[in-house]
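Report on one structure; see the data block that follows.
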Amino acid sequence: MERTVLKITGRVQGVFFRQTAKETAQKLGIAGFAKNENDGNVTIVAEGKKDKLVQFIGLIKRGFDYTEVKAVSMEWGSATEEFKDFNIF
C-alpha cells in the first residue's frame with residue numbers, strides 16, 4: 001500500500017471536482033480525502049495499491065467535466081492506513 005499527497009491547481013473549486021474525485025477514488029478502492037484550500041487549489045491525500053493510485057492520478061491530471069487542471073504536484077510515501085473511505089472536507 002502506498003500514499004500520495006496531491007496539490008491540484010486550476011479551476012477545481014465550485015465545479016464538483018472533489019465529489020468526482022471521491023467517486024473515482026471509491027471505484028478504484030482508494031481511501032483518503034479531498035479538501036479545498038484557501039488559495040483556490042485542492043489537496044488530495046490518497047492511499048491504496050500503487051497501480052490504482054497511478055490510475056487515479058492520471059484521471060486527476062486529465063480533470064473532470066467543468067474543471068480545468070493546470071498542474072498537479074505529488075509526494076509519495078508509505079500508507080498509514082488511517083483512512084477507511086474517501087471523504088470530502
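Just so it is clear, none of the values below were taken in a lab; they were calculated from the coordinates. All values reported here derive from a predicted model rather than from experimental measurement. Neighbour counts run over all protein chains shown; Cβ positions are idealised from the backbone, glycine included.
Restricting attention to region 63-89, the residues being surrounded by 10 or more Cβ atoms within 10 Å (Cβ to Cβ) and in a strand (DSSP E or B) number 13.
Considering only region 1-58, how many residues are of a type in the set (S, T, N, Q) and farther than 17 Å from residue 71 by Cβ?
Looking only at region 1-58, we keep the residues that are of a type in the set (S, T, N, Q), and these are 4, 9, 13, 19-20, 24, 26, 36, 38, 41, 43, 55.
Narrowing the set further to residues that are farther than 17 Å from residue 71 by Cβ leaves 19-20, 24, 26, 38, 55.
So the count comes out to 6.
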